[in-house]
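Only one structure is covered here, and it is reproduced in the block below.
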Amino acid sequence: MSLSFQFRRILAVVPRARPFCSRICPPAPDLKSKILKLGGTGLACAGLQYYFGSEDDFYDHRFVSSKKPEDLADFYGSEDFMEIFCVLPFMMKFMIRSGTFDEEGVVHTFGFPGKMEVSMAFEDKEADINGDGTMTTTWFNKHERFHDLTPFGRITLWDMTQNFGFHRLENGTCEVYHHGESFYGPFPIRILFQVHAKYVAWATERFVNCGAFGDEDKVDEAAVQRADMPLHVFKEFLEGLHHDVQQALEHQRAKSKPIAHIEATLKQLKQEIVKVGPDSCQIAVHKN
């Protein structure tokens, strides 16, 4: 076999081997495409930070209550409100009750992330509304700052200031407000606390305007409800569902239709409501 013939055979194999080599060692990714994607991500984050990052007056939630101003002031001035603010019982223990106070009254506790300093200041105003010398609280404000720092050193990760309180209106009711005074930090943290603030205002309104609030005979019931508002809301849902099923049962019974499956559902709902526990702000449960 001649040398030229062998050379031609090698050349015939080489082109077929190239696709195989390219599958084993794929070409390097397009650097320009990577830079464009990275730049687009950076611009998107910059835009989100601009619109949802640091800002003053970043939320304002209000509702009206007919409860006594003194009861509202006691609620916001104690740990009772913080139980709702922390959403779940374990968060209350983790963030507040595990903290320590310094000489200036600042709470040092776990941050999100890092370490956190929580400081509070209270203000109020009183007036003789009835002209009989009895002073009534007409304004109350709790000014609260959450300052999140790096675990080592004092570099600020985020800083949030909020106000919680109420104004007494001319008709004797109180306008309760939750106001986000200022926020400094990354936009994901602000969005988280903005959603959190909406929940806290909603849960506080439900609790404050509840029958147990301010009732000395229902202190224990109010404490159970306040300590776990999500569980209370779930029970309200079950009780509302129980009421709807009860109406469906009466409707079917009036038409002489089968009701066995509805009665079974009603019984199961009653059992679930009992498992959740007593509730002083419940929707009336209809009985057979």
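Quick check: is even one residue across the range 213-229 modelled with pLDDT under 70 and in a helix (DSSP H, G or I)? Yes, some residue in the range 213-229 is modelled with pLDDT under 70 and in a helix (DSSP H, G or I).
Do we find a residue being in contact with a strand residue (DSSP E or B) (Cβ under 8 Å, 6 or more places away or on another chain), in contact (Cβ under 8 Å) with a residue 24 or more places away in the chain and either in a loop (DSSP other than H, G, I, E, B) or more than 30 Å from residue 187 (Cα to Cα) (or both) anywhere in the range 154-165? Checked the range 154-165: no residue is in contact with a strand residue (DSSP E or B) (Cβ under 8 Å, 6 or more places away or on another chain), in contact (Cβ under 8 Å) with a residue 24 or more places away in the chain and either in a loop (DSSP other than H, G, I, E, B) or more than 30 Å from residue 187 (Cα to Cα) (or both). Tell me whether the range 183-192 contains one or more residues that are among the hydrophobic types (A, V, I, L, M, F, W, C), closer than 26 Å to residue 139 by Cβ and in a strand (DSSP E or B). Yes, the range 183-192 contains a residue that is among the hydrophobic types (A, V, I, L, M, F, W, C), closer than 26 Å to residue 139 by Cβ and in a strand (DSSP E or B).
Matching residues to (1) within 18 Å of residue 58 (Cα to Cα); (2) surrounded by 16 or more Cβ atoms within 10 Å (Cβ to Cβ); (3) among the hydroxyl-bearing types (Ser, Thr, Tyr):
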| site | (1), (2), (3) |
| --- | --- |
| 108 | no, no, no |
| 122 | no, no, no |
| 139 | no, yes, no |
| 159 | yes, yes, no |
| 174 | no, yes, no |
| 185 | yes, yes, no |
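If I go through the range 145-174 residue by residue, how many of them are over 14 Å from residue 68 (Cβ atoms) and touching a helix residue (DSSP H, G or I) at 6+ places or on another chain (Cβ under 9 Å)? Talk me through it step by step, then tell me what you get.
Filtering the range 145-174 down to residues over 14 Å from residue 68 (Cβ atoms) leaves 145-165, 167, 170-171.
Pick out the ones that are also touching a helix residue (DSSP H, G or I) at 6+ places or on another chain (Cβ under 9 Å) and you get 146, 148, 157-158, 160, 162, 164-165.
Matching residues across the range 145-174 total 8.
Can you report the number of residues in the range 80-104 which are at pLDDT below 85 and charged (D, E, K, R)? Explain how you work it out, then say what you get.
The initial filter retains those residues of the range 80-104 that are at pLDDT below 85, namely 87-99.
Going one step further and asking which of them are charged (D, E, K, R), we end up with 93, 97.
Adding up the residues that qualify gives 2.
For the range 132-153: of the residues being polar (S, T, N, Q) and in contact with an Asp or Glu (Cβ under 8 Å, 6 or more places away or on another chain), which is farthest from residue 181 (Cα to Cα)? Step through it out loud before you land on a result.
Kept after step one, since they are polar (S, T, N, Q), are these residues of the range 132-153: 134, 136-138, 141, 150.
This time we only want the ones that are in contact with an Asp or Glu (Cβ under 8 Å, 6 or more places away or on another chain), so: 134, 136-138, 141.
Numbers: 134: 33, 136: 27, 137: 23, 138: 21, 141: 12 Å.
Per the stated criteria, the residue is 134.
Within the range 57-97, the residues that satisfy the criterion of being within 19 Å of residue 179 (Cα to Cα), surrounded by fewer than 16 Cβ atoms within 10 Å (Cβ to Cβ), within 20 Å of the chain's Cα centre (by Cα) and touching a residue at least 40 places away in the same chain (Cβ under 8 Å) are 57, 60, 62. Might you check whether a residue that is on the phi < 0 side of the Ramachandran plot, in a helix (DSSP H, G or I) and at pLDDT 70 or above occurs anywhere in the range 17-27? There is no residue in the range 17-27 that is on the phi < 0 side of the Ramachandran plot, in a helix (DSSP H, G or I) and at pLDDT 70 or above.
The values are calculated or read from the model by the stated rules, or taken from the named source; none is laboratory data. Because the structure is a prediction, the values reported are computed rather than measured. Here Cβ is always computed from backbone atoms with ideal geometry, including for glycine, and neighbour counts include all displayed protein chains.
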